[in-house]
Amino acid sequence: MTAKVITVTSGKGGVGKTTAVANLATALAMDGKRVVCIDGDIGLRNLDVVMGLENRIVYDLVDVIEGRCKLKQAMIRDKHLQDMYLIPAAQTRDKNAVSPSDMIRICNDLRAETDFVIIDSPAGIERGFRNSIAAADQVLIVTNPEVSAVRDADRVVGILEAEEKGNPSLIINRLNPTLVKNNDMLSAEDVLDLLGIRLIGIVPEDENVIIGSNRGTPIAADGKSRAGQAFRNIAKRLQGVDVPFMDLTPQSGLWNAIQRFAGRK
Amino acid sequence: MGFFSRKRSASSAKERLQLVLVHDRTDLTPGQLDELKDDLLKAISKYIEIDPEAVRIELEKDGREQRLVADIPLKNMPRHRAG
């Protein structure tokens, strides 16, 4: 078996990369896939807390690279899902402790025994980002429907083109359907038209995402959450299943009720 | 500016991004683009007469491709007659 290595990146920070990694990994593991997540943000690790595994860390990525432990020893098994693992970033080292060839070597070692390796890239376009894309078979770019996030995403697409890293796919995260409807937020079509890359998923804004990371349980495991459903759909598409995009027209809410009352709908 | 005269913000976001992305991708500032236009017009004017007011030179985006599109109308010139 040969794993697919997927890197999740964005350019701008705070758009939801780590949340996307935790949720895609959870959804893939729920589909019975063997998944290993790697936190590529050396010095600013976060994937461990979002996945709720912060208390189980003994060894990290840099320990593996510098030979202080075996790869298997740095793989932390998830609390609920049997076949989901995390290799945490080192917290007290800097990004120069890792090189692109280290990442390629570790991913190649993981390929034989997993289905998916998902790398959480740091924000920016520096060393940590370069390390994170080095081993990628596929790159997912997370953006928000917002000017600075879209601009930075475009820079990253440009760099990936220059590095001949293939065609990245786009995740539009935190889309607010009501704002889009009122023409006060860029629509998914606008963002796609601007960036000119393939869409793999649209994730609606959902307060359950914050509740999930507070608890350390990604919302992909929550059957009712809309964002969770969106992440499960993306996970299916990563497995080559053709899933239709969710209907994101606003369905409820006070404003809609007022509009209906006023006879505008 | 009153609430109802406010332009919807998504449209201005898209228009602004369209411009910014073209300049980011080509690594060309609006100032440099103006210089390029002037140089281009000077070069063309050496050979044919053009109407500088009617010239349109723009960077356009087509998917992930950029192109420099120039529309340069020529001035109507009286034909030279022999004798």
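Have a look at A:MET75, A:MET84 and point out the one that is within 18 Å of the chain's Cα centre (by Cα) and away from every other protein chain (no Cβ under 13 Å).
A:MET84
Taking only the stretch A:191-214 into account, find how many residues are small (Gly, Ala, Ser) and assigned to a strand (DSSP E or B).
So the count comes out to 1.
Go through B:ASP34, B:ASP39 for me and flag whichever is away from chain A (no Cβ under 14 Å), within 12 Å of the chain's Cα centre (by Cα) and within 30 Å of A:ARG155 (Cβ to Cβ).
None of the other options fit; the residue is B:ASP34.
Rundown of residues vs (1) at pLDDT below 85; (2) part of a helix (DSSP H, G or I), yes/no style:
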residue	(1), (2)
B:LYS7	yes, no
B:LEU28	no, no
B:LYS37	no, yes
B:ARG81	yes, no
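Has the stretch A:166-174 got at least one residue that is in contact (Cβ under 8 Å) with a residue 12 or more places away in the chain and within 10 Å of chain B (Cβ to nearest Cβ)?
Within the stretch A:166-174, one or more residues are in contact (Cβ under 8 Å) with a residue 12 or more places away in the chain and within 10 Å of chain B (Cβ to nearest Cβ).
Do any residues in the stretch B:7-18 that are farther than 13 Å from A:ASP184 by Cα and facing chain A (nearest Cβ under 7 Å) have Cβ atoms under 6 Å from those of residues that are surrounded by fewer than 18 Cβ atoms within 10 Å (Cβ to Cβ) and of a type outside the set (Phe, Trp, Tyr), where the two are at least six apart or on different chains, and which pairs are they?
What qualifies is B:LEU17/A:VAL147.
Within the stretch A:24-50, how many residues turn out to be among the aliphatic types (A, V, I, L, M) and closer than 18 Å to A:ALA227 by Cβ?
8
Out of all the residues in the stretch A:152-165, is one or more away from chain B (no Cβ under 14 Å), within 17 Å of the chain's Cα centre (by Cα), farther than 17 Å from A:LEU186 by Cα and touching a residue at least 24 places away in the same chain (Cβ under 8 Å)?
No - not one qualifying residue is present in the stretch A:152-165.
Scan the stretch A:176-190 for residues that are touching a residue at least 24 places away in the same chain (Cβ under 8 Å), within 11 Å of chain B (Cβ to nearest Cβ) and not in a loop (DSSP other than H, G, I, E, B) and jot them down.
A:VAL180, A:LYS181, A:ASP190
For the stretch A:197-211, state whether one or more residues are in contact (Cβ under 8 Å) with a residue 60 or more places away in the chain, closer than 15 Å to A:THR26 by Cα and away from chain B (no Cβ under 14 Å).
Checked the stretch A:197-211: at least one residue is in contact (Cβ under 8 Å) with a residue 60 or more places away in the chain, closer than 15 Å to A:THR26 by Cα and away from chain B (no Cβ under 14 Å).
Would you pick out the residues in the stretch A:224-235 that are assigned to a loop (DSSP other than H, G, I, E, B) and closer than 17 Å to A:ALA22 by Cβ?
If the condition is that a residue be assigned to a loop (DSSP other than H, G, I, E, B) and closer than 17 Å to A:ALA22 by Cβ, then A:SER225 is the only one that fits.
Checking the conditions here, which among A:VAL8, A:VAL15, A:VAL36 is under 18 Å from A:LEU140 (Cβ atoms), in contact with a Phe, Trp or Tyr (Cβ under 6 Å, 6 or more places away or on another chain), touching a residue at least 40 places away in the same chain (Cβ under 8 Å) and not in a helix (DSSP H, G or I)?
A:VAL36
For the stretch A:120-141, indicate whether the set of residues that are touching a residue at least 24 places away in the same chain (Cβ under 8 Å), within 14 Å of chain B (Cβ to nearest Cβ) and over 27 Å from A:ARG105 (Cα atoms) is non-empty.
For the stretch A:120-141, residues touching a residue at least 24 places away in the same chain (Cβ under 8 Å), within 14 Å of chain B (Cβ to nearest Cβ) and over 27 Å from A:ARG105 (Cα atoms): absent.
In this structure, does A:GLU66 turn out to be within 21 Å of A:ILE210 (Cβ to Cβ) and either free of Cβ contacts under 8 Å to residues at least 24 places away in the same chain or surrounded by fewer than 17 Cβ atoms within 10 Å (Cβ to Cβ) (or both)?
no
Check the stretch A:184-191 and report whether any residue there is over 13 Å from the mean Cα position of the chain (by Cα), at negative phi and at pLDDT below 95.
Scanning the stretch A:184-191, I find no residue that is over 13 Å from the mean Cα position of the chain (by Cα), at negative phi and at pLDDT below 95, so the answer is no.
Out of the stretch A:81-105, which residues are surrounded by 21 or more Cβ atoms within 10 Å (Cβ to Cβ), of a type in the set (A, V, I, L, M, F, W, C) and more than 19 Å from A:ASP115 (Cβ to Cβ)?
Residues satisfying the conditions are A:ALA89, A:ALA90, A:VAL98.
The values are calculated or read from the model by the stated rules, or taken from the named source; none is laboratory data. Given the structure is predicted, the values throughout are model-derived calculations rather than measurements. Virtual Cβ from ideal backbone geometry, glycine too; neighbours counted across all protein chains shown.
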